[in-house]
Amino acid sequence: MLNLKTLFTLNYGLYIVSSVSKEGKINAMIANSVEQVTAEPVRLAVTLNKESLTHEYIKESGLICVQPLTEKANMVFIGNFGFRTGRNYDKFAKIAHKLSKEGLPVVTENTAAYLILKVTDSIDLQTHTMFICSLLDAEILDTTCPPMTYSFYHNELKGKTPKGAVTYQK
């Protein structure tokens, strides 16, 4: 018998994934589906729900900023990016951030690093798109606190998986 609870034994990081529109509007979301897929050349895969505004901006610009959250991030901070849509809420209004030279928002609190990515390919996964990306730039922001895992988010912060997330189950 197929037991979908076995999928909860797989572990992930928790990330802010952001992008910019053609008009220069910025948006971000929480994702757990980021992974390095090759070493030389460095390639990463970022998988996002097609309904998200960030997905739309990535399709327009071909650029992504990925930031691993640290364990300092609380549910209010995570909820700012994860439980609201940027279509009618400015996710950066009260969040410390700067813009990269590419115009991507880089959150400067509760994140371990940032990675600036250029989309080189994509794979249509029906409800989601997997963006295959090359690494343009990267910087460590915080070495004092470990990066947050999805297990930490669920077990310590008692976070829930929102509908539309790669790991969502009914």
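For region 19-78, which residues satisfy the criterion of being hydrophobic (A, V, I, L, M, F, W, C), in contact with a Gly (Cβ under 6 Å, 6 or more places away or on another chain) and either at pLDDT below 95 or more than 17 Å from VAL107 (Cα to Cα) (or both)?
Within region 19-78, LEU53 is the sole residue that qualifies.
Take the conditions exposed (fewer than 13 other Cβ atoms within 10 Å of the Cβ) and either in a loop (DSSP other than H, G, I, E, B) or not acidic (Asp, Glu) (or both) and apply them to THR143. Does it pass?
Judged against the criteria, THR143 is a match.
Pairs under 7 Å by beta carbon, first residue without any contact (Cβ under 8 Å) to a residue 60 or more places away in the chain and surrounded by fewer than 20 Cβ atoms within 10 Å (Cβ to Cβ) in region 36-63, partner among the charged types (D, E, K, R) and part of a strand (DSSP E or B), six or more apart or different chains?
GLY62/LYS118
Return the residue satisfying two criteria in turn: it lies in region 37-80 and is among the β-branched types (Val, Ile, Thr) and in a helix (DSSP H, G or I), and of such residues it is farthest from CYS133 (Cα to Cα).
Result: VAL76.
Among the residues in region 86-104, are any touching a helix residue (DSSP H, G or I) at 6+ places or on another chain (Cβ under 6 Å) and loosely packed, with under 14 Cβ neighbours inside 10 Å?
Scanning region 86-104, I find at least one residue that is touching a helix residue (DSSP H, G or I) at 6+ places or on another chain (Cβ under 6 Å) and loosely packed, with under 14 Cβ neighbours inside 10 Å, so the answer is yes.
The values are calculated or read from the model by the stated rules, or taken from the named source; none is laboratory data. Keep in mind that this is a model prediction, so the values were computed, not measured. With ideal geometry, Cβ positions are generated from the backbone for all residues, glycine too; neighbour counts draw on all protein chains shown.
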